[in-house]
Structures are given as structure tokens and as C-alpha cells.
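Worksheet: the structure to be examined is printed underneath.
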Amino acid sequence: MLFRYIINTMIFMVFLAILPAHAQHIPTNLHGIRADFSGNWFNPDQSGHGLQLEVLDDGRAVIAWYTFDRDGNPLWLFGTGYLQDLQIDAELTELTGGRPPALWNEADLSAIPWGQIELELDTCNTAILRWDSVHPDFGSGELLLKRLTRLQGMRCNSDEFFSRQFRYSFERGTEGFSAVFADLPANYDQATYQLDFRREPVPPPLQGFTGIRLSGQNSSDDLAMLIKTPVQGLLPDKLYRVELDAELITDTPHSCSGAGGAPGESVYVKLGAASTEPLAVIDPTDQWLRLNIDFGNQSTGGADARVAGNLANRQSCENGLPADWELKKVTTEGQTIIRQSDSNGTLWVFAGTDSAFEGFTRYYIVSLTVRLEAYN
């Protein structure tokens, strides 16, 4: 079982209080390691122990290593370190003598120096842990680590890769977004297609969220539903490298069957950017509404769009129970999008779905993050 991401709050607070004061200079140049390296790190060949890293805003980092001694007893090590380029140096302390919260007054907590570590961040997702310990079970050694988790909304080193970043949260309103529906007859019957775009609170158990809801009945073997907005203030007629993240809320379980495809896996989430405003225009050959951008077709992306995922959540259709609403993040990270701004320095961004499932689909988009970098 992977190591737990939970720190006993009482022990952790006492640990911070008893840390020795260091006179060491706190570096001001944090290039290379920032908060986006925070998360859990482990060695896949030794799943069951690992490091929790939290990068602070003053050139320090808190490190917790959840491991074991030779006899198999849990060993929790804590320390603070200082950022040095791509390395964190820290002294770790072993805490013993704690008790459960109800018996905390009976605790005889002691902090025992354990030794020193160096955590060298090789890439955004790999690191090397080196240690020199006075503990007889550890001595000196090193271990290769891989990232297990990262914080919500964090993209490693995004400031180095992208000069412009925009985050749209629909908790605050529609943020200037509007809807586009395509791949259906121009004279479609609303009672048949049930197309809807609105901002509203998400149903329980995620009633704390508010998002933009898109819904519709795919009665034409294909249905595109998306939201769009202009990003302005860019360089005119300039190529940009674009990356997008979206947070969706879906109540569609995985492993279901349906006409034309699964209601989760066959409703493809697409994110993208275009030089012109995405519009549904009438195709004179068949009088259908088609997108004027290259959105691709169902499971295939286009020049303006990338397939970032689908609507299936972590719950299974096989248990026969209704699925709850669930938050899901999708991203185009690793799928290059290069689009040109118009003569006014505007680029249109969009997020939505391209459905092969011939049934009713609904979901919420609660946020969209757009990263841009001028392409040379």
C-alpha cells in the first residue's frame, strides 16, 4: 500500500515548534524549485514508504519521510531544508513518544537527531534522495524517487515554460464565456436535442462548486458542445504555444455501454485554441451546423483542438448503482498546440466535448487554465 498523505496534526505542530533556529542564509534565487514541486515522492520498487515535500515561500522546504526501521516499525522523520538551485539540504529528526489526541497529555515527546539528507530534483517528476544518518539501520545511501502526486492546479515549472497564464474560475461568473453547439441540423428541434448552457451550483455531493453546465441529446451520431472566450492583449499576428487544463465535474461512470459508444469513454473532452472565433456555421451541402475551426472528429483531435480525456469518472457502471458527481482534471500537457493570434492580438480558447454516444450528456466545467508562450 502506498504511503499515506496524512500527517498527525498534533505531532507536526509540536515538531515545527521544537525545530532549532538556523542562522543559515535563506537564498533569494529560487529558480528551478518552486511550490509546484510539492507533493509525494516514492520509489516504485519500494512502494510503501516515501517523502512528502512542501515548498514554502521563504526559500525553505518541509520534508517528511515516512519509512520503517529494521524491525518493521513505522519511522516518521521530519525536517526543514533550504533551496539551493535544484537541491534541498535538510536535517531530519525522529519523533517518538507521542500518544493519540485523547491521551496527548500523557505523551512524552522527544526529538532525536536522525541525520542529513540531500534531495536533488532531476526533472519535474524524478529526484535522487541521498542521506547520511546516525541511525544504525540507515547509515549512508541514496534512492531514486518519482513523483506520486502533485497539488491541484499546479503545473511544474510553468513560469519557465510559459510567459502568460490565465485562470478562469466559474465560481465568479461566466467570465465572458459563451456556448457553441455543432454537428446537428440547422433546423434542429430543441425538444429533441435538449441543448442547454447555464452557470449554476453543482448538485450534491459537490454542492460547494459552481460551474458552467453543458448538456444535450446526441440525436445525430455526433454532437459537439463547447464554451469559448477571447484571450486579448497578445502580440498581433504572432504564433503562440498553448497549453490548457480544465476541471470538469461528471456523474458518468466508466465501463458502461450505450448506442454509438460508452456514455463516458466515447464522449471525448477537447481543449484548444484558434485564430478565429469558434462558430457553428451552416454547411450549404447538407444544411447542418458545423464548426468553422478544426475541432477534429470524436476521438481524433484537429489542428485547433487536442483530445484531453473523456467524461468517464472513477466509479464503475458494473455495480449497478447511480454514480455521484466527481471532479476530474484534463490537460493538453505533452500535446503541442501552436496557433497564431489575429491582427488585434486576440486568440480564442475553448473547452468542451465531441460525442459519439447517442444519448443524453451533461457535465460541468468549473475552471479553465490557459498558458501561452510566444513561439519563435
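The values are calculated or read from the model by the stated rules, or taken from the named source; none is laboratory data. Because the structure is predicted, anything quoted here is derived from the model rather than measured. Positions of Cβ are generated from backbone atoms using ideal geometry, with glycine treated the same way; all protein chains shown enter the neighbour counts. The area values use the complete protein model at the heavy-atom level, side chains included, leaving out ligands, DNA and RNA. Shrake-Rupley method; radii C 1.70, N 1.55, O 1.52, S 1.80 Å.
What to note about this one:
- Subset of the stretch 225-246 [within 21 Å of the chain's Cα centre (by Cα) and either among the basic types (Lys, Arg) or open to solvent by 20 Å² or more (accessible area, probe 1.4 Å) (or both)]: Lys228, Arg241
- Asp354 being within 18 Å of Asp237 (Cα to Cα), modelled with pLDDT of 95 or more and acidic (Asp, Glu): no
- Only one entry in Phe42, Phe3 is at pLDDT 50 or above, aromatic (Phe, Trp, Tyr) and either open to solvent by less than 80 Å² (accessible area, probe 1.4 Å) or farther than 18 Å from Gly98 by Cβ (or both), namely Phe42.
- Among the residues of the stretch 305-330, those identified as surrounded by 12 or more Cβ atoms within 10 Å (Cβ to Cβ) and out of contact with any Asp or Glu (no Cβ under 9 Å at 6 or more places or on another chain) are Arg306, Gly309, Ser316, Cys317.
- Residue in the stretch 324-342 that is among the acidic types (Asp, Glu) and either under 17 Å from Ile227 (Cα atoms) or touching a Gly at 6+ places or on another chain (Cβ under 8 Å) (or both) present: no
- When the criteria are applied in full, Phe161 meets the requirement of being surrounded by fewer than 16 Cβ atoms within 10 Å (Cβ to Cβ) and in contact (Cβ under 8 Å) with a residue 60 or more places away in the chain.
- Given (1) within 17 Å of Ser133 (Cβ to Cβ); (2) surrounded by fewer than 19 Cβ atoms within 10 Å (Cβ to Cβ); (3) of a type in the set (A, V, I, L, M), index of the condition Ile88 fails: (2)
- For the stretch 331-360, a tally of residues being assigned to a strand (DSSP E or B) and open to solvent by 10 Å² or more (accessible area, probe 1.4 Å) returns 6.
- For the stretch 245-307, the strands (runs of 3 or more DSSP E) that sit wholly inside it and include 1 or more residues that are out of contact with any strand residue (DSSP E or B) (no Cβ under 6 Å at 6 or more places or on another chain) and not polar (S, T, N, Q) are 280-283.
- Filter result for Thr96 (β-branched (Val, Ile, Thr), touching a residue at least 12 places away in the same chain (Cβ under 8 Å) and loosely packed, with under 14 Cβ neighbours inside 10 Å): yes
- Residue list for the stretch 166-209, filter: over 28 Å from Ser220 (Cα atoms), part of a strand (DSSP E or B) and open to solvent by less than 80 Å² (accessible area, probe 1.4 Å): Phe166, Tyr168, Ser169
- Residue check: Thr276 meets all listed conditions (1) open to solvent by 20 Å² or more (accessible area, probe 1.4 Å); (2) closer than 21 Å to Asn218 by Cβ; (3) polar (S, T, N, Q) but one, namely (2).
- The stretch 65-84: number of residues that are small (Gly, Ala, Ser), open to solvent by less than 10 Å² (accessible area, probe 1.4 Å) and more than 14 Å from Pro113 (Cα to Cα): 1
- Checklist (1) closer than 30 Å to Tyr375 by Cα; (2) open to solvent by 40 Å² or more (accessible area, probe 1.4 Å) applied to Ser255, failing item: (1)
- Within the stretch 45-61, the set of residues being without any contact (Cβ under 8 Å) to a residue 24 or more places away in the chain and either in a strand (DSSP E or B) or crowded, with 17+ Cβ neighbours inside 10 Å (or both) comprises just one member, Glu54.
- For Gly309, the requirement of being on the phi > 0 side of the Ramachandran plot and modelled with pLDDT of 95 or more is met.
- Residue among Ser169, Ser178 that alone is touching a Phe, Trp or Tyr at 6+ places or on another chain (Cβ under 9 Å), among the polar types (S, T, N, Q) and farther than 30 Å from His49 by Cα: Ser178
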